[in-house]
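Encoded as structure tokens, the structure appears first; notes follow it.
The values are calculated or read from the model by the stated rules, or taken from the named source; none is laboratory data. Since we're looking at a predicted model, the values are computed, not measured. Because the Cβ atoms are built from the backbone with ideal geometry, glycine has one as well, and the counts that use them run over all protein chains shown.
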Amino acid sequence: MKTISGTYHHGKLSLDKHVKTKKPVRVKVVFEEIIETEESLKVSDLSFLEMQQLLQNCQTSLADELIKERRREL
């Protein structure tokens, strides 16, 4: 049995990877529950200009800063 992730949207299933088969195969689709909380990040929470301002004095890459932040949280 092989597992491939994908996205279901507006009645269509889109797999993350192409699957080659010589004949039709049966599939099972599991709908994972998406839990949205008040803490969930939404597109409206993102501001390109705000991020530019926050990063204007950053002396390293954003990736390095994120790694430092994650390590401090541990």
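Taking segment 9-52 as the range and being surrounded by 10 or more Cβ atoms within 10 Å (Cβ to Cβ) and either polar (S, T, N, Q) or modelled with pLDDT of 85 or more (or both) as the test, the residues that pass are LEU13, LEU15, VAL27, SER47.
Filtering LYS17, LYS23 for residues that are in contact with a strand residue (DSSP E or B) (Cβ under 9 Å, 6 or more places away or on another chain) and not small (Gly, Ala, Ser) leaves a single hit, LYS17.
Beta carbons closer than 8 Å, at least 6 apart along the sequence or on distinct chains, never pair a first residue in segment 59-74 that is farther than 20 Å from PHE48 by Cβ and loosely packed, with under 10 Cβ neighbours inside 10 Å with a second that is at pLDDT 85 or above and not small (Gly, Ala, Ser). Go through the residues of segment 24-40 one by one and say whether even a single one is in a loop (DSSP other than H, G, I, E, B) and at positive phi. The answer is no, given that none of the residues of segment 24-40 is in a loop (DSSP other than H, G, I, E, B) and at positive phi.
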